[in-house]
Amino acid sequence: MKKITFIISFLVLFLMSANDLKAQVISSYFMGQNAWMPSFKYNGKFEVVAPKLTDAAIKMIRIGGTNYNKVPSGNDGLTYSQYDILINSVKSTGAEPIVQISHFLTYQSAKNLVYYLNVTKNYNIKYFCIGNEPDLEGVSSAAVKTYITTLAPAIRDITASAIIMGPECAWMNGGIYGNMLNDLLGGSQNVAGKDSKGRYYLDIITYHSYDRYSITEMEDRIIALKSLLTSINTTRTDKPLGWALTEFNTTSNNSQTAVPADFKVWSMYAGQFFAQVYGLGMKYGAFTVDAWATHEQSGARTGTDLGLFDAEPNYAGRSNYYHTMMLGKFIKYNYMPTSTNNGNIKVVSTYSTTTFGYQVLLMNNTATQYNTTVRLSNTAVTTNSTVVVKLLNGTLAKEFVTYVEPYGTRLLVFDQYGNLVENWRYCKTQSDANTGPVKVITANKLVLSSSGKSEVNNDMPDSKIGVYPNPVQFNSDFYINYDSNRGTQEVMIFDALGRKVYSKKAFSVSPFKISSNGEFKPGIYFVKIGNQQTKFLIQ
């Protein structure tokens, strides 16, 4: 009996591990936000700071929440003209809006709103959510079923191809009003079925998460939801239910006495927490993961200031903004499972199966600096570091050695050949000063890869001049960027021994092209223009 139990356990673990190694495609709408607060509600600044969301590569912005969950043109809800303001602000960022349909609406008033948005104004809104946090408001599961089965058909009557989300629960079960999603997904108040016209009520199941849940706890909740969806989708093979996290933050109120400094939303760790939540969403195939909120309570760092930015006039970005940006700008289409020998270094990684390479975000929330080797495959490393990170779906027998400083984050982006093309560092000092990540270039130390080629490894602050590509392939042309506004300048290149090996006038043209013709042998070189210099490698 023990032997049979062992075999079953082994098979379960094997299947789980095999599932982790599959290429989980990341939704094109994955990186998300919430449109709170707008100028017409509590003098918010959403429209002012919305362009910054473009820089963070935000692809979906939800117009939802308690204060939007009211009757349009009455009861303090949005007027149609206010929907116009918000939708145009969202679209101006290049993101797709999710429009919340208040659960207080009747079938006809919901139909009228969707008609206004998609027929009168021709906004082509594709994504709608119904209601907001019914389990926090004391709304019963039966009442939720009633309004979802009433309002979803109203949306589809006007926009048949709409993607409808709900029920926007405040918890993934276990909240103060019980396990609502168990009732709604295959339970006594099931809303996973179809209306009288054969149309599904919901396409994506949504919930929210606040108040210092650990990443492990959040993952447990996602796994529980996925289990519910797996059961439901056995009968929805034509259109499986998806899931999304449409509100999350480290806390719902920074002023609560139980909230430690790390979980206040402007802290360095809050950004690392955001990145890890996005990592969970990638791992488990979320349609979108939308943080709450863009800018709240004037950015004054009090109470329910849960935004990405500090106060005006600068609206300086916080750690949560910059971690969102680092992931969003360099996301690589598929989630990359990783392994590490040290749990103090948290990793979020993505990759492309075609031509776009690897993205690796390394995060350290301890007082210790860690030398770290990143191996671009699940094979043995050739260099010794305190921390070893392996990309389990990686296919390149190459590695890169770096460090992750105390309370710091490191972003590495590799091309499809394993060449490092982006290297960013961000630490608590920068977070506390409301400054962004620093781009570094690779220089100095060389590490021998298993391919036998030398690869650049160490860090140096990015100067006003740069060499690309870096490393340069032997006998290949390369380019030098520099400040061409200073007129004619001399471009000088020195070898590792300090000998000048190249000199030529640059006549105010940047980038400056250098044709190698084999005159530069493999090794480290320095390029100097005026009082600026940088390093590069020829391999």
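The values are calculated or read from the model by the stated rules, or taken from the named source; none is laboratory data. Note that the structure is a prediction, hence the values are computed from the model and not measured. Don't worry about glycine lacking a Cβ; one is built from the backbone with ideal geometry, like all the others, and counts go over all protein chains shown.
Anything in the stretch 251-270 that is farther than 16 Å from K346 by Cβ and assigned to a helix (DSSP H, G or I)? List them, or say none. If you could, list the steps in order and put the result at the bottom.
So in the stretch 251-270, the residues farther than 16 Å from K346 by Cβ come out as 251-261, 264-266.
Hit for the stretch 251-270 is A261, nothing else.
Select from the stretch 359-377 the residues that are assigned to a strand (DSSP E or B) and in contact (Cβ under 8 Å) with a residue 60 or more places away in the chain and write down the one among them that is nearest to the chain's Cα centre (by Cα).
From the stretch 359-377, those assigned to a strand (DSSP E or B) are 359-364, 370-377; that's our starting set.
If we keep only those that are in contact (Cβ under 8 Å) with a residue 60 or more places away in the chain too, we end up with 361, 363.
Values: L361: 11, M363: 14 Å.
Top of the filtered list is L361.
Within the stretch 306-342, which residues are farther than 19 Å from A56 by Cα and of a type in the set (V, I, T)?
Across the stretch 306-342, the qualifying residues are T338, T340.
Applying the selection to the stretch 348-358, what residues are assigned to a loop (DSSP other than H, G, I, E, B) and buried (at least 20 other Cβ atoms within 10 Å of the Cβ)?
Residues of the stretch 348-358 that are assigned to a loop (DSSP other than H, G, I, E, B), as a first pass: 352-357.
Residue satisfying the conditions is G357 alone.
Of everything in the stretch 222-250, what is in a helix (DSSP H, G or I) and within 23 Å of the chain's Cα centre (by Cα)? Give them in sequence order.
Looking only at the stretch 222-250, we keep the residues that are in a helix (DSSP H, G or I), and these are 222-233.
Listed by number, the residues that qualify are I222, I223, A224, L225, K226.
Residues of the stretch 195-209 being surrounded by fewer than 18 Cβ atoms within 10 Å (Cβ to Cβ) and either modelled with pLDDT under 95 or not hydroxyl-bearing (S, T, Y) (or both), which ones?
Matches in the stretch 195-209: D195, K197, G198, R199.
Go through the stretch 328-347 and report how many residues are more than 11 Å from V374 (Cβ to Cβ) and either touching a His at 6+ places or on another chain (Cβ under 8 Å) or not in a loop (DSSP other than H, G, I, E, B) (or both).
Number satisfying all stated conditions: 7.
Just a yes or no: is a residue in the stretch 73-90 hydroxyl-bearing (S, T, Y), within 22 Å of the chain's Cα centre (by Cα) and modelled with pLDDT of 95 or more? Explain how you work it out, then say what you get.
Kept after step one, since they are hydroxyl-bearing (S, T, Y), are these residues of the stretch 73-90: 73, 79-81, 83, 89.
Filter again for within 22 Å of the chain's Cα centre (by Cα), leaving 89.
This time we only want the ones that are modelled with pLDDT of 95 or more, so: 89.
Scanning the stretch 73-90 turns up at least one residue that is hydroxyl-bearing (S, T, Y), within 22 Å of the chain's Cα centre (by Cα) and modelled with pLDDT of 95 or more.
Of the conditions (1) touching a Leu at 6+ places or on another chain (Cβ under 6 Å); (2) of a type outside the set (A, V, I, L, M); (3) in a loop (DSSP other than H, G, I, E, B), N314 satisfies every one except a single condition; which number is it?
(1)
What are the pairs with Cβ atoms under 6 angstrom where one residue, in the stretch 90-106, is in contact (Cβ under 8 Å) with a residue 24 or more places away in the chain and the other, located anywhere, is of a type in the set (D, E, K, R)? Sequence gap at least six, or different chains.
What qualifies is A95/K59; I98/R62; S102/K70.
State all residues of the stretch 271-298 that are in contact with a strand residue (DSSP E or B) (Cβ under 7 Å, 6 or more places away or on another chain), among the aliphatic types (A, V, I, L, M) and either under 23 Å from E312 (Cα atoms) or not in a strand (DSSP E or B) (or both); if no residue qualifies, say none. Walk me through how you get there before you give the answer.
Pass one, the stretch 271-298, residues in contact with a strand residue (DSSP E or B) (Cβ under 7 Å, 6 or more places away or on another chain): 272, 274-279, 281-283, 285-295.
Cutting the leftovers down to among the aliphatic types (A, V, I, L, M) gives us 275, 277, 282, 286, 289, 291, 293.
Scanning the stretch 271-298 gives A275, V277, M282, A286, A291, A293.
Is it the case, given these coordinates, that G307 is out of contact with any Gly (no Cβ under 9 Å at 6 or more places or on another chain), under 27 Å from S349 (Cα atoms), of a type in the set (G, A, S) and surrounded by 23 or more Cβ atoms within 10 Å (Cβ to Cβ)?
Details: out of contact with any Gly (no Cβ under 9 Å at 6 or more places or on another chain): no; under 27 Å from S349 (Cα atoms): yes; of a type in the set (G, A, S): yes; surrounded by 23 or more Cβ atoms within 10 Å (Cβ to Cβ): yes.
No, not satisfied.
Being farther than 24 Å from Y278 by Cα and under 23 Å from the mean Cα position of the chain (by Cα): is that true of L151 here? Show your work before the answer.
Details: farther than 24 Å from Y278 by Cα: yes; under 23 Å from the mean Cα position of the chain (by Cα): no.
Answer is no for this residue.
Those residues that are at pLDDT 75 or above, in a loop (DSSP other than H, G, I, E, B) and hydroxyl-bearing (S, T, Y), I need them from the stretch 463-501; list them, please.
S476
Go through the stretch 426-462 and give me each residue that's in a strand (DSSP E or B), surrounded by 21 or more Cβ atoms within 10 Å (Cβ to Cβ) and modelled with pLDDT of 90 or more.
Correct list: Y426 only.
Restricting attention to the stretch 406-419, and to residues there that are out of contact with any Phe, Trp or Tyr (no Cβ under 7 Å at 6 or more places or on another chain) and at pLDDT below 95, which single residue is surrounded by the fewest Cβ atoms within 10 Å (Cβ to Cβ)?
Y417
Find the residue count for the stretch 235-294, including only residues that are β-branched (V, I, T) and over 27 Å from C427 (Cβ atoms).
Of the stretch 235-294, the ones β-branched (V, I, T) are 235, 237, 246, 250-251, 257, 259, 265, 277, 288-289, 294.
Imposing the further condition that a residue be over 27 Å from C427 (Cβ atoms) reduces the set to 235, 237, 246, 257, 288.
Matching residues across the stretch 235-294 total 5.
Go through the stretch 30-63 and count every residue that is under 17 Å from M165 (Cβ atoms), in contact with a helix residue (DSSP H, G or I) (Cβ under 6 Å, 6 or more places away or on another chain) and not in a strand (DSSP E or B).
Residues meeting the conditions: 1.
Among the candidates G307, G343, which residue alone is at pLDDT 95 or above, within 27 Å of W243 (Cβ to Cβ) and touching a helix residue (DSSP H, G or I) at 6+ places or on another chain (Cβ under 7 Å)? Don't jump to the end; show me each part of the working.
Numbers: G343 fails: touching a helix residue (DSSP H, G or I) at 6+ places or on another chain (Cβ under 7 Å).
Testing whether each residue is at pLDDT 95 or above, within 27 Å of W243 (Cβ to Cβ) and touching a helix residue (DSSP H, G or I) at 6+ places or on another chain (Cβ under 7 Å) leaves just G307.
List pairs: first in the stretch 397-417 and closer than 17 Å to N470 by Cα, second buried (at least 21 other Cβ atoms within 10 Å of the Cβ) and of a type in the set (K, R), Cβ under 7 Å, 6+ apart or cross-chain?
E399/R375; T402/R410
Give the residue that is modelled with the highest pLDDT, with candidates limited to residues of the stretch 502-511 that are part of a loop (DSSP other than H, G, I, E, B) and of a type in the set (G, A, S). Lay out the reasoning, then the answer.
The first filter runs over the stretch 502-511 and keeps only residues part of a loop (DSSP other than H, G, I, E, B), leaving 508-511.
From what is left, the residues that are of a type in the set (G, A, S) are 508, 510.
On the way: S508: 57, S510: 60.
Looking at residues that are part of a loop (DSSP other than H, G, I, E, B) and of a type in the set (G, A, S), I get S510.
Give me a count of the residues in the stretch 268-277 that are surrounded by fewer than 24 Cβ atoms within 10 Å (Cβ to Cβ) and among the polar types (S, T, N, Q).
Total satisfying the criteria: 1.
If I filter the stretch 313-338 down to residues being in contact with a helix residue (DSSP H, G or I) (Cβ under 7 Å, 6 or more places away or on another chain) and farther than 15 Å from A291 by Cα, which single residue comes out as surrounded by the most Cβ atoms within 10 Å (Cβ to Cβ)?
Y335
Taking the stretch 378-389 on its own, how many of its residues are more than 28 Å from A270 (Cβ to Cβ) and touching a residue at least 24 places away in the same chain (Cβ under 8 Å)?
Taking the stretch 378-389 first, the residues more than 28 Å from A270 (Cβ to Cβ) are 378-384.
Retained after the next criterion (residues that are touching a residue at least 24 places away in the same chain (Cβ under 8 Å)): 378-379, 382-383.
Total satisfying the criteria: 4.
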